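Values in this text are rule-based calculations from the coordinates and carry no lab data. The model shown is predicted, which means the values in this text are computed figures rather than measured ones. FYI the Cβ positions are ideal-geometry reconstructions off the backbone, even for glycines, and counts take in every protein chain you see.
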Amino acid sequence: EPEVTQTPSHQVTQMGQEVILRCVPISNHLYFYWYRQILGQKVEFLVSFYNNEISEKSEIFDDQFSVERPDGSNFTLKIRSTKLEDSAMYFCASSGLPLRDTDTQYFGPGTRLTVL
Amino acid sequence: GNSVTQMEGPVTLSEEAFLTINCTYTATGYPSLFWYVQYPGEGLQLLLKATKADDKGSNKGFEATYRKETTSFHLEKGSVQVSDSAVYFCALDGGTSYGKLTFGQGTILTVHP
């Protein structure tokens with residue numbers, strides 16, 4: 001069964017450093033998403049992406065964050081200058097259709113980001 | 001704004017016990033409702049969904065009914081197994097916003113033999 005993959009599974013970085021979290025969505029999907037979960041808190045929407053541009057972003061997704069689909073298979077989340085409060089589990093998801101068409105978002109296993 | 005509230009956890013049950021995990025929501029428009037499950041070390045997997053009022057989603061013995069009048073989507077299973085031990089998340093789509101899931105805080109379920 002096709003699945004969403006994410007690398008690395010765990011990333012440790014120093015405050016102020018740039019990190020890139022990588023995702024390989026399901027191959028025929030068109031919509032891509034990033035969510036995060038700070039330890040002990042809810043899973044929060046960050047951004048959705050379609051047709052090589054951002055469809056929607058949350059207030060969390062400020063200028064420090066960017067997303068890119070550099071080739072036909074990868075979808076990346078970049079944090080330009082990490083802060084302690086960026087420490088969280090980051091989930092990538094993809095879907096073939098937007099939710100309004102009752103499609104399903106398929107999630108990856110997550111990348112745990114630790115900022116020291 | 002949209003929000004989802006789940007019952008406080010963790011929940012600990014014996015095998016074959018009845019499970020209910022409560023979920024209520026606040027949303028504008030007409031959202032779709034979801035239950036996701038996260039097994040240890042894995043990503044979020046869709047367990048079941050319902051897209052309109054009075055719909056019942058079901059999968060793997062789990063059920064949930066979309067109740068518009070009580071704004072609820074409670075998860076139930078008649079007889080849990082040890083393998084059901086996981087974290088369960090209730091979620092809704094944006095209602096008027098596509099592709100933006102709003103999650104509850106998650107409920108940890110542990111089932112003992």
Computed over the range A:1-72, Kirkwood Rh from alpha-carbon pairs, angstrom: 13.9 Å
Backbone HN-Hα couplings from phi across the range A:73-89 [Karplus 6.51/-1.76/1.60, Hz, Gly and Pro as x]: 10, 9, 9, 10, 10, 10, 10, 6, 9, 5, 10, 4, 6, 7, 4, 5, 8
Cα→Cβ-extended label distance, 7 Å offset, between B:R67 and A:N74, nm: 4.8 nm
Taking chain A and dividing mean pair separation by its residue count, relative contact order in percent (alpha carbons under 8 Å, at least six apart): 38 percent
Karplus-derived 3J(HN,Hα), 6.51/-1.76/1.60, for each residue of the range B:12-19, Hz, glycine and proline x: 10, 10, 8, 4, 6, 6, 8, 10
Part-to-part distance (alpha-carbon centres) for the range A:68-85 and the range B:34-71, which is given in Å: 30 Å
A:D63 paired with B:Y30, simple spin-label distance in nm, labels 7 Å along Cα-to-beta-carbon: 4.2 nm
Highest-MSF residue in chain B out of B:G78, B:G61, B:G41 [GNM, Cα springs under 10 Å]: B:G41
